[in-house]
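Reading through the structure tokens given below for one structure.
Bear in mind these aren't lab numbers, they're just calculated from the coordinates by the rules spelled out. Since we're looking at a predicted model, the values are computed, not measured. No Cβ is skipped: glycine too gets one built from the backbone with ideal geometry, and neighbour counts run over all protein chains shown.
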């Protein structure tokens, strides 16, 4: 059953996001539909997410290691980038909580301020911002546009 639920994850992710209810609604629906313990279903979703995040982090680390080998960045810059990414990930939940109480213009202003702070950090450390985002730079994205 766990394999079945994991398989449904991909198909139901878009629905969960479009309804605005997130995963909790889908977890409840799957648990009820298949007479499962909601905590077990949630555990499958959490494990799947953690596995994907771990794989993404490994790929990112490998890419930075290659960039160091090729002389594009230094080992010290690599460590700064890794630390900054950890800070940004930790900041995401704080931002979600803060942004709930802001209107669209306030959220946009806050994101633009965060973006400028990040650009300033990169400039101070002699790092091309593209390395912080795996080669994609600051071309927009959700964190800037809402």
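Annotations
- Modelled label positions at residue 104 and residue 74, each set 7 Å beyond Cα in the direction of Cβ, lie 4.5 nm from each other.
- Two-site label geometry, residue 65 and residue 82: point separation in nm, points 7 Å out along Cα→Cβ: 1.0
- At R0 = 41 Å, FRET efficiency that the Cβ-Cβ distance of residue 123 and residue 28 yields, to 0.05: 0.30
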